[in-house]
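I have placed the structure first, in the form of structure tokens, so that the comments after it can refer back to it.
The values are calculated or read from the model by the stated rules, or taken from the named source; none is laboratory data. Because the structure is a prediction, the values reported are computed rather than measured. Glycine also receives a Cβ, built like all others from the backbone with ideal geometry; neighbour counts cover every protein chain displayed.
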Amino acid sequence: MLRRAFRIGLVTLIAATISVGPARAALAGLVIPPKPGPGYKLVCLKTEPVCTWILSSYGSDDGGTGSNGHPPEKASDAKKICQFGGAAQACTDAELGNWSNSQQCYLKREYPPPPFSDPRWQGHTDGSIWACVREQGYDQGRHLVSRWVWLPGEPDTVVVDPVTLAYRAMAAMQLAPPLVKSAPGVGQIGLVNMPVWLWVEKTENTWGPIVRSASVPGLSVTATAHVKAVNWALGDGNTVRCEGSGTPYDKAMGIKDSPDCGHRYKKTSRELPKCTYPVTATAQWDITWQSTLGDTGQISTTQQAGTQLRIGEAIPVLVDPDGGEVAAPAKGGCG
């Protein structure tokens with residue numbers, strides 16, 4: 001019923017409008033909103049100084065020509081029509097998302113995304129999951145039918161919304177895994193109950209802030225990203241959350257604890273594979289975006305990198321006071 005009312009209202013609106021070119025409308029002193037994309041024509045109310053853009057497929061009083069009185073330059077411009085089984089369909093829905101002609105439903109990105117173990121990923125670890133929803137039935141029998149689809153890229157929706165542009169801007173950032181550093185570092189041996197310093201190096205792509213934009217005719221979105229915190233999984237069952245990048249270690253600091261991001265191991269890594277603790281740093285990114293139409297939003301994502309820490313223990317060496325041989329300690333499983 002809502003769709004039918006929408007179409008009736010649209011026909012009524014078209015009957016009360018006249019198709020004009022942007023230049024003529026501007027000369028007449030009319031306010032012209034940004035064009036949402038190709039395949040739209042400008043119409044103005046006959047009784048009020050109000051103009052808007054509508055799909056050329058609706059009520060073509062110009063015989064299928066564009067708003068300038070000429071046929072569309074490209075065949076693809078004439079095909080950008082939202083249809084469901086051959087019938088005209090509203091291209092966007094405030095709750096359901098934007099219409100996809102290939103999927104024959106409204107698509108809305110699932111966020112936050114489900115874990116990769118979810119069967120909706122179909123074994124993939126890239127792309128994104130979309131809720132695919134359409135109405136079925138008529139009048140009192142109408143109901144929503146939902147399914148989920150995995151897409152490797154962006155959907156073929158006719159209308160590009162700000163969220164889609166935000167993800168496009170986010171992709172342009174090319175966010176990278178954190179650059180992990182530690183003291184002791186790779187190839188060095190730390191000691192039980194001695195300080196371990198942890199930090200990450202800052203670059204635009206690994207820490208931010210980084211700003212990128214994405215646009216379509218009539219709409220632009222600017223996104224800004226920065227790392228909010230780094231979660232360190234230390235391989236011994238402990239996790240340390242560091243709100244900043246951490247402090248790089250310097251020999252002048254001696255055996256002090258890191259002021260903002262560190263750890264002390266209670267056991268050696270001798271019995272572990274490769275005789276090291278597997279350490280993983282997960283950077284939590286916050287991406288805020290704003291569109292030229294005033295819409296705003298926030299996206300969170302993570303980037304991960306790892307390293308290995310070898311932890312031993314200080315073993316006293318017994319020296320013969322009479323000048324005999326040194327009693328060598330027994331070696332463990334690590335050379």
Q: Would you point out the residue of the stretch 314-334, among those that are at pLDDT 60 or above and surrounded by fewer than 15 Cβ atoms within 10 Å (Cβ to Cβ), that is farthest from V180 (Cα to Cα)?
A: D322
(Q) If I filter the stretch 118-127 down to residues being surrounded by 11 or more Cβ atoms within 10 Å (Cβ to Cβ) and in contact (Cβ under 8 Å) with a residue 24 or more places away in the chain, which single residue comes out as farthest from T301 (Cα to Cα)? (A) Q122
Q) Are any of the residues in the stretch 172-194 in a helix (DSSP H, G or I), within 30 Å of G97 (Cβ to Cβ) and within 27 Å of the chain's Cα centre (by Cα)? A) yes
Q: Search the stretch 283-313 for residues being among the polar types (S, T, N, Q) and over 16 Å from the mean Cα position of the chain (by Cα), and hand back the single one that is modelled with the lowest pLDDT.
A: T292
Q: For the stretch 91-109, indicate whether the set of residues that are under 14 Å from the mean Cα position of the chain (by Cα) and modelled with pLDDT of 90 or more is non-empty.
A: no
